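The next block holds one structure in the form of structure tokens; read it before the comments.
The values are calculated or read from the model by the stated rules, or taken from the named source; none is laboratory data. All values derive from a computational prediction rather than experimental measurement. FYI the Cβ positions are ideal-geometry reconstructions off the backbone, even for glycines, and counts take in every protein chain you see.
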Amino acid sequence: MKREKQWLYLLAVGLILLNLVQWQALRDERFPADSFVAENTAAESDSAQAAQFYRDADTIDYSGLQFTPWDVRAAAARVPKRTKKPYTIMIYMNGSDLESENGAATEDMIEMLESGVSSENVNIVLFTGGANRWQNDVVPENECVVWEIADGTLNEITGVGLVNMGNAGTLSSFIDFSICHCVMRQIVVV
């Protein structure tokens, strides 16, 4: 029961952070600092455009940015887009010594697989890495991998090489990949 409350707490915090990030992105796009629109008609037009905000790996190139340690566009090109679902949960799982020594991340993955969450309405995307040794026969130590959890199975989407899980750009790249790859209305990052 305590573990369920922890997961609910993490999901709630993730939703709050996500809403703040989405609000900031829409606000910045709607009201850029260098071009404030004073007329109401122009402001209404900008508002309608901001409501159609989306990311697409075909129109945005993340690979040239210094903080992006892996090529999001190349990874997205290797896999087909998923069908549109109402929700996507992105889980960034840095195994660290908690996995290498105690199997904590593997236990969390087993809980997710056994959770019974229907993949009909939810994309569950998992990014693994950062452990010297995984306590299972599936997750590799020598590569960071994007996975999908669907109907109690763990399916590899793509490997991205060995990247630093402590680098903020790795998390950013995972989020960008997931947004481009999984068509959804709402997202949660854990």
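Any residue that is in contact with a Pro (Cβ under 8 Å, 6 or more places away or on another chain) and in contact (Cβ under 8 Å) with a residue 40 or more places away in the chain - is there at least one of those in the stretch 130-149? Spell out how you get there, then give the answer.
Filtering the stretch 130-149 for residues in contact with a Pro (Cβ under 8 Å, 6 or more places away or on another chain) gives 134.
Right, trim to in contact (Cβ under 8 Å) with a residue 40 or more places away in the chain and you get none.
No, the conditions are met nowhere in the stretch 130-149.
Here SER119 fits the description: at pLDDT 85 or above and of a type in the set (Gly, Ala, Ser).
Of the residues making up the stretch 154-189, those that are aliphatic (A, V, I, L, M) and crowded, with 16+ Cβ neighbours inside 10 Å are LEU154, ILE157, VAL160, VAL163, MET165, LEU171, ILE175, ILE179, MET184, ILE187, VAL188, VAL189. Residues in the stretch 127-153 that are crowded, with 17+ Cβ neighbours inside 10 Å and hydroxyl-bearing (Ser, Thr, Tyr): THR128 alone.
Selection of strands (runs of 3 or more DSSP E) fully inside the stretch 141-190 by the criterion of at least 3 residues being modelled with pLDDT of 85 or more and not assigned by TED's automatic domain parsing to the domain that holds GLY103 returns nothing.
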